[in-house]
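What follows is a short report on a single structure.
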Amino acid sequence: MSLDQLHQLLATVHGRLTDARAHTERARELLEESRRALVDAQAQAQPWLPPQLALALDQVDTHGDRLSSADDLLNRYEARL
């Protein structure tokens, strides 16, 4: 594999990571929107929130962190080429 081919493949991976981060951010926005809707609908001091919501938000954050780490690793690898 030539260096140019490797750069092209890395650019493709970067693009996919960017897409994945955008999807992750959108998932977070939707989960936050769901949370607000539940809280607003109940309008009480201690609104009921499904326990899965907090877990989903944590998982989305974890995936976002992993995607950022992968992007950082690719950037460092590419800088070494």
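Rule-based calculations on the coordinates, nothing more; no lab input. Keep in mind that this is a model prediction, so the values were computed, not measured. Reconstructed Cβ throughout: ideal geometry from the backbone, glycine too, with neighbour counts over all protein chains shown.
So which residues in the stretch 30-81 are among the small types (Gly, Ala, Ser), assigned to a helix (DSSP H, G or I) and either over 16 Å from the mean Cα position of the chain (by Cα) or surrounded by 13 or more Cβ atoms within 10 Å (Cβ to Cβ) (or both)? SER34, ALA37, ALA41, ALA56, GLY64, SER68, ALA70, ALA79, listed by residue number. Residues in the stretch 13-63 that are among the polar types (S, T, N, Q) and over 28 Å from LEU73 (Cβ atoms): 5 in all. Filtered by the rule that a residue be surrounded by fewer than 15 Cβ atoms within 10 Å (Cβ to Cβ) and in contact (Cβ under 8 Å) with a residue 40 or more places away in the chain, the stretch 1-12 gives LEU3, LEU6, HIS7. Of all residues in the stretch 16-29, those satisfying the criterion of being basic (Lys, Arg) and either exposed (fewer than 14 other Cβ atoms within 10 Å of the Cβ) or under 18 Å from GLN52 (Cβ atoms) (or both) are ARG16, ARG26, ARG28.
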